[in-house]
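Participant: Here it is: the structure, laid out below.
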Amino acid sequence: MKFAVITLSDKGYSKERQDLTGPALIDFIQKNLNDMDLAYYTVIPDDKEMLKKELIELSDNNIDLIVTNGSTGIAPRDIAPDVTLELIEKRLFGFEEVMRLKSFEKTSTAIVSRACVGTRKNSLIINVPGSPKAAIENISVVLGAIEHTIKKLQGDQTPCASV
């Protein structure tokens, strides 16, 4: 399976800040999900059209898992959920609920997160926060469902009860 990581950060894009979250996610995914190969990694500004182009291109090219990090809050330039919602075909509320609940147990500000999860074509798209710690915490709580979700997207007919 192939995965991509997109970091949304104006300061990261302009080289004012080093991206720590993207590399942390790449390392975590490669260590914790079976047979996941990094297909793409980039840092882009909080720009709707750029993110839209990236998500369309990656899902059109059958990237199984696309993880965006950053730009999930309510600041004026936080656009990841807006773009993701515009493009996804099926929203996966369960992923979002668990991610927010587990984050809220650690910090009350997690309730402000608008991170969303859904599918476009055969790709699973997950938004996570921009801090390395929060991004890893969010991915880790849904880790067990990622591979199953991707297999179902690819047409796996195995009954869910036997998984």
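What follows is calculated from the coordinates using simple rules that are stated; it is not laboratory data. Not measured: the values here are computed from a predicted model. Using ideal geometry, Cβ is built from the backbone for each residue, glycine included, and neighbour counts are taken over all protein chains shown.
Participant: Is at least one residue of segment 34-41 more than 19 Å from R120 (Cα to Cα) and in contact (Cβ under 8 Å) with a residue 60 or more places away in the chain?
Facilitator: Yes - at least one qualifying residue is present in segment 34-41.
Participant: Using the structure shown, decide if M99 is in contact with a strand residue (DSSP E or B) (Cβ under 9 Å, 6 or more places away or on another chain) and surrounded by fewer than 21 Cβ atoms within 10 Å (Cβ to Cβ).
Facilitator: no
Participant: I need the helices (runs of 4 or more DSSP H) fully contained in segment 1-110, keeping only those with at least 1 residues that are of a type in the set (V, I, T).
Facilitator: Counting at least 1 such residues, we get 21-32, 48-60, 80-87, 93-106.
Participant: Here's a follow-up. What do you reckon, is N61 closer than 12 Å to R120 by Cβ and surrounded by fewer than 17 Cβ atoms within 10 Å (Cβ to Cβ)?
Facilitator: Taking the combined requirement at face value, the residue satisfies it.
Participant: When you scan segment 14-64, how many residues do you find that are over 22 Å from T119 (Cβ atoms), in contact with a Phe, Trp or Tyr (Cβ under 7 Å, 6 or more places away or on another chain) and aliphatic (A, V, I, L, M)?
Facilitator: 1
Participant: Within segment 4-17, take every residue that is closer than 30 Å to T149 by Cβ and touching an Asp or Glu at 6+ places or on another chain (Cβ under 6 Å) and give me the one that is surrounded by the most Cβ atoms within 10 Å (Cβ to Cβ).
Facilitator: Within segment 4-17, the match that is surrounded by the most Cβ atoms within 10 Å (Cβ to Cβ) is L8.
Participant: Quick check on my filter: what residues within segment 44-58 are more than 24 Å from I150 (Cα to Cα) and surrounded by 14 or more Cβ atoms within 10 Å (Cβ to Cβ)?
Facilitator: Passing the criteria: I44, P45, D46, D47, K48, M50.
Participant: Output the residues belonging to segment 135-163 that are surrounded by 23 or more Cβ atoms within 10 Å (Cβ to Cβ) and over 12 Å from the mean Cα position of the chain (by Cα).
Facilitator: Selection gives nothing.
Participant: Residues K102, K121: which one is among the charged types (D, E, K, R), in contact with a Ser or Thr (Cβ under 9 Å, 6 or more places away or on another chain) and at positive phi?
Facilitator: K121
Participant: If you don't mind, there's one more thing I want to ask. Are any of the residues in segment 140-152 at positive phi, in contact (Cβ under 8 Å) with a residue 40 or more places away in the chain and of a type outside the set (A, V, I, L, M)?
Facilitator: no
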